[in-house]
1. I need the full set of residues from the stretch B:81-111 which are more than 28 Å from residue A:51 (Cα to Cα) and surrounded by 15 or more Cβ atoms within 10 Å (Cβ to Cβ), in order please.
2. Consider residue A:81 carefully, then state whether it is free of Cβ contacts under 8 Å to residues at least 60 places away in the same chain and over 14 Å from the mean Cα position of the chain (by Cα).
3. What residue, of A:16, A:1, A:59, is in contact (Cβ under 8 Å) with a residue 24 or more places away in the chain and within 14 Å of chain B (Cβ to nearest Cβ)?
4. Tell me which of these residue B:86 doesn't satisfy, since it passes every other one: (1) out of contact with any strand residue (DSSP E or B) (no Cβ under 6 Å at 6 or more places or on another chain); (2) among the charged types (D, E, K, R); (3) modelled with pLDDT of 95 or more.
5. Does residue A:76 satisfy the condition of being at pLDDT 95 or above and either more than 11 Å from every other protein chain (Cβ to nearest Cβ) or closer than 30 Å to residue B:53 by Cα (or both)?
6. Restricting to the stretch A:4-36, give me the number of residues that are hydroxyl-bearing (Ser, Thr, Tyr), touching a Leu at 6+ places or on another chain (Cβ under 9 Å) and modelled with pLDDT of 95 or more.
7. Restricting attention to the stretch A:79-114, which residues are more than 13 Å from every other protein chain (Cβ to nearest Cβ), of a type in the set (D, E, K, R) and assigned to a loop (DSSP other than H, G, I, E, B)?
Amino acid sequence: AQTVTQSQPEMSVQEAETVTLSCTYDTSENNYYLFWYKQPPSRQMILVIRQEAYKQQNATENRFSVNFQKAAKSFSLKISDSQLGDTAMYFCALWGTNAGKSTFGDGTTLTVKP
Amino acid sequence: GAGVSQSPSNKVTEKGKDVELRCDPISGHTALYWYRQRLGQGLEFLIYFQGNSAPDKSGLPSDRFSAERTGESVSTLTIQRTQQEDSAVYLCASIPDRGNEKLFFGSGTQLSVL
């Protein structure tokens with residue numbers, strides 16, 4: 001079974017500052033992928049960043065980076081230089097290669113304040 | 001098409017009625033997923049189809065829920081005798097093949113059961 005836990009239902013940050021969203025997970029698989037998705041009010045899920053579990057190097061995508069701690073089963077998302085357009089719900093997800101599907105956390109609602 | 005298309009965008013129905021939700025995946029994508037998202041919550045896996053293999057129905061919450069997919073094309077999710085707790089956004093996603101784990105999502109169908 002796969003589980004994903006996001007312990008922060010809501011967070012806020014001032015524009016231009018940095019914020020970190022937390023995620024922990026559990027899986028029995030050795031080969032898996034981790035994701036952060038963004039869901040704005042439009043409901044469209046947008047992939048923010050992806051991490052392959054067998055890679056030690058943390059993934060980065062422009063202002064978005066992750067801190068992947070495999071032994072601790074932790075996968076946090078850091079957003080630098082926050083922008084108003086970053087306001088959305090953020091979901092952490094785990095894809096198990098054997099399971100063939102993604103399991104999602106309950107989400108963190110992020111509000112960027114001007 | 002260019003993206004995953006879902007219809008209708010919004011559906012209001014009366015308790016006890018049947019509803020049918022449609023998903024048109026990206027052309028060529030072999031795998032298709034249905035997720036349910038209750039208000040303010042994460043995505044709950046319902047069912048997935050992979051090519052001609054038997055679908056993984058392990059997430060369907062009751063026998064009132066069923067889904068079909070013809071080949072690698074359109075899928076329909078049917079909810080019979082709708083209940084108020086079925087109110088949610090139903091999201092569809094597709095991927096090119098089982099070995100490619102990045103989900104491409106539609107914009108969802110908002111179902112409201114009165």
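The values are calculated or read from the model by the stated rules, or taken from the named source; none is laboratory data. Please read all numbers here as calculations on a predicted model, not as lab measurements. Note that each Cβ is placed from the backbone with ideal geometry, even for glycine, and that neighbours are counted across all protein chains shown.
1. Here is the first cut: in the stretch B:81-111, the residues more than 28 Å from residue A:51 (Cα to Cα) are B:81-88, B:109-111.
Scanning the stretch B:81-111 gives B:82, B:86, B:87, B:88, B:109, B:110, B:111.
2. Values: free of Cβ contacts under 8 Å to residues at least 60 places away in the same chain: no; over 14 Å from the mean Cα position of the chain (by Cα): yes.
In short, no.
3. Working: A:16 fails: within 14 Å of chain B (Cβ to nearest Cβ); A:59 fails: in contact (Cβ under 8 Å) with a residue 24 or more places away in the chain.
Exactly one of A:16, A:1, A:59 is in contact (Cβ under 8 Å) with a residue 24 or more places away in the chain and within 14 Å of chain B (Cβ to nearest Cβ), namely A:1.
4. (1) is the only condition that residue B:86 fails.
5. Working: at pLDDT 95 or above: yes; either more than 11 Å from every other protein chain (Cβ to nearest Cβ) or closer than 30 Å to residue B:53 by Cα (or both): yes.
In short, yes.
6. 4
7. A:81
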